[in-house]
Amino acid sequence: MILEAIEALNEGNGSNKTSISKYIESKYGVLPPGHKVLLNVHLAKLRDTGLLDFWKNNYTKRNPNAPPRRGRGRPPKPKEFLPPGTVLSPPRPRGRPPKGPRDTPRPPKASAGSGRPRGRPRKMARPAGGFGEASASPLKPSGKPRGRPPKVKPELVENIA
């Protein structure tokens, strides 16, 4: 029925599912409720066997003299066949291999040998003495106080007149 519908419709770019379905309905009358599913299954079978070509949502009868259409993307590499009797090892699994059990002792790490501890060095102690009160304003190594100097408030003087 499907091949007959495609031949009868004789559309240039082929016929889509709805036009095939409408033709079958007009010729054979009322369709069963599962017609859409059956049509999809049979169209897929005909496409897989090579009787129909599917291109841009349309089905056409395959021309036996036409070269096969190439799909999108890069064509697959040809497979190399091995001589009979060759034993293959199983393919490696994907991803990172699992870690061993945690109970195994780890080998001791080799030290750099410099005797210096790892990481950021500890802060130096504040220098004693220097400008004014050392505890109130910390000093830079150059001897200057850090940051903006404190704002000096003018002393309030009472005007006696």
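The values are calculated or read from the model by the stated rules, or taken from the named source; none is laboratory data. Not measured: the values here are computed from a predicted model. Counting neighbours? That spans all protein chains shown, and the Cβs are built from the backbone with ideal geometry, glycine included.
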task: Look at K153 and say whether it is of a type in the set (D, E, K, R) and either more than 48 Å from the chain's Cα centre (by Cα) or at pLDDT 80 or above (or both).
output: yes
- line: Sole miss for G85 among (1) within 21 Å of I2 (Cβ to Cβ); (2) modelled with pLDDT under 85 is condition (1)
message: Residue under question is K22, and the condition is that it be of a type outside the set (D, E), out of contact with any Leu (no Cβ under 8 Å at 6 or more places or on another chain) and within 19 Å of A8 (Cα to Cα); does it hold?
response: yes
Residues located in region 14-26, provided they are under 10 Å from Y59 (Cβ atoms) and not hydroxyl-bearing (S, T, Y): G14, N16, K17, I20
task: Scan R47, R72 and give me the residue that is exposed (fewer than 15 other Cβ atoms within 10 Å of the Cβ) and assigned to a helix (DSSP H, G or I).
output: R47
message: So, in region 11-55, how many residues would count as being at pLDDT 85 or above, of a type in the set (G, A, S) and within 36 Å of the chain's Cα centre (by Cα)?
response: 1
message: Scan region 25-33 and tell me whether some residue there is of a type in the set (A, V, I, L, M), free of Cβ contacts under 8 Å to residues at least 24 places away in the same chain and over 20 Å from W55 (Cα atoms).
response: yes
- line: Selection from region 50-69 of residues assigned to a loop (DSSP other than H, G, I, E, B), aliphatic (A, V, I, L, M) and closer than 17 Å to I6 by Cα yields L51
